[in-house]
Amino acid sequence: MDPLAYWIGFNKVRGIGPARLTALLDVFGSVEAAWAAPADALREVGLDRRSIANLVEARGELDLTAELEKVNRAGVQVLTWEDGRYPERLRQIDDPPPVLYVRGELRPADDWAVAVVGTRRASNYGREAARMLAADLARAGVTIISGLARGIDGQAHRAAMEAGGRTIAVLGSGVDVIYPWENRSLAEEIVGHGALVSEYALGTPPEANNFPPRNRIISGLSRGVIVVEAGEQSGALITADFAAEQGRDVFAVPGSIFQRGSQGANRLIRDGAQPVLSANDILEALNLKTVAQHIEAQMLLPTDATEALLFERLSEEPVHVDEIGRAVGLPIATVSSTLTLMELKGLARQVGGMNYVRAREAGPVYRVD
């Protein structure tokens, strides 16, 4: 069975999140072995009684092959920790999601991303500020990330696309369950100009307790987070808190001290967030004024340890993907997906029969530690 099916299976087991799955992989060595482990062995790893019961129940009820087929029929990509396409910036946060469901396309250029978030009950001032910042950043080549919510989020997504840029929406539901419903047409547009992303399995409804955890993904995918307009209880402040914990820059748009909708953003500024008056403030603070050059340079060099490892094995002589996998000791699925990405970046070239060579235009390899 495709190992991806086991990742999907674990993602549907309540009580087994990133930390516990990491422990299982450390002990059993693979998702297949962890899925099949007996209850006694699971207890020795430290799983509590309820988590073990949930896993045993899932093993009896889930048809993993059918689950994988459902994902494929929906045209959804599933990225795991083992996948070379998994966003490296997100991989570095505490408790990164083991599985990402993606409708649309994530690109290497999305590493230069900024989140624009704020209240659902946006004022005219907040909506215009969000649109101005998102559009100007998008024109500069920055990917705009937000949460598809009413208000500021929706304005940021739309403005980025209207400016000819890319945008990514991180959902608190399955990528096939659009919330709020009135944003379903916006979501379809985003699929064509970026991606819908979620850590939740297909069919997951937009339950209230899903949204705070998804905010760590919004900030985790970003180099910085802009809070445009937010009241004291706004969920955007949760995203700002995650950003600070993850070492991301936090920015806020100042607002009237008399408007309740600006109290949260103003408090962030009082507590140390950088005030934003224009997109140039963001571009300068995050050194994003030359995004196009950054992207061009990234396309010519390996950007993570897996790419660097594979790149070292390539030469002008064709080598089969199976041979590369054996040489580097990585799963074939990981090797194949990484080589596919390297082809898009101009680092590698397939010459038929799953044989690969180093692209002639690629420069010398630099190890990524």
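Things to note:
- Taking each DSSP H run with n ≥ 4 as -39500 (n - 2.57) and averaging over every residue of the chain yields -13000 deg cm²/dmol at 222 nm.
- Cα-derived Rg to Rh of the stretch 300-358, Kirkwood definition: 0.90
- Stokes-Einstein D in µm²/s, Kirkwood radius over Cα pairs - the stretch 61-145 at 4 °C with 1.567 mPa s viscosity: 83
- Mean separation of Cα pairs under 8 Å and 6 or more residues apart, divided by the residue count, gives the stretch 206-338 a relative contact order of 16 percent.
- Residues His157, His193, His320, sorted so that the one with the fewest Cβ neighbours within 10 Å comes first: His320, His193, His157
- Each principal axis of the Cα cloud of the stretch 104-290 was taken in turn, and the coordinate range along them, longest first, works out to 41, 36, 31 Å.
- Scanning the chain for chymotrypsin sites (Phe, Trp or Tyr not before Pro) in DSSP loops with at most 11 neighbouring Cβ atoms within 10 Å leaves 1-257 as the longest stretch between them.
- Placed amide H near Gly84: partners under 5 Å, 5+ positions off or other chain: Thr338
- The 3J(HN,Hα) values that the Karplus relation (6.51, -1.76, 1.60; θ = phi - 60°) gives for the stretch 52-67 are, in residue order, 5, 4, 5, 5, 4, 5, 5, 4, x, 9, 7, 9, 5, 4, 5, 4 Hz. Gly and Pro appear as x.
- For the stretch 87-97, backbone phi angles converted through the Karplus equation (6.51, -1.76, 1.60; θ = phi - 60°) give residue-by-residue couplings of x, 5, 5, 6, 4, 7, 7, 5, 6, x, x Hz, Gly and Pro being listed as x.
- Per-residue ³J(HN,Hα) for the stretch 234-239, Karplus 6.51 cos²θ - 1.76 cosθ + 1.60, θ = phi - 60°, Hz, x for Gly and Pro: 5, x, 4, 5, 5, 4
- Summing charges over neighbours of Gly151, with a neighbour being any other residue whose Cβ is under 15 Å away from its Cβ, gives +3 when K and R count +1 and D and E count -1.
- Kirkwood Rh and Cα Rg combined as Rg over Rh, evaluated for the stretch 1-73: 0.95
- Beta bridge orientation in the chain: antiparallel %, DSSP, nearest 5: 40
- Under-5 Å amide H pairs with Ile226, H placed in peptide plane, nonlocal only: Ala115, Val116, Val117, Phe251
- Sorted by Cβ density within 10 Å, fewest first, the residues Arg267, Arg184: Arg184, Arg267
- Mean projected area (nm²) of the alpha-carbon convex hull when the chain is viewed from all directions: 19.0
A short reminder: the numbers here are calculations on the coordinates, not readings from a lab. Quantities reported herein were computed from a predicted structural model and do not represent experimental measurements. Heads up, the Cβs are rebuilt from the backbone with ideal geometry, glycines too, and the neighbour counts pull from every protein chain shown.
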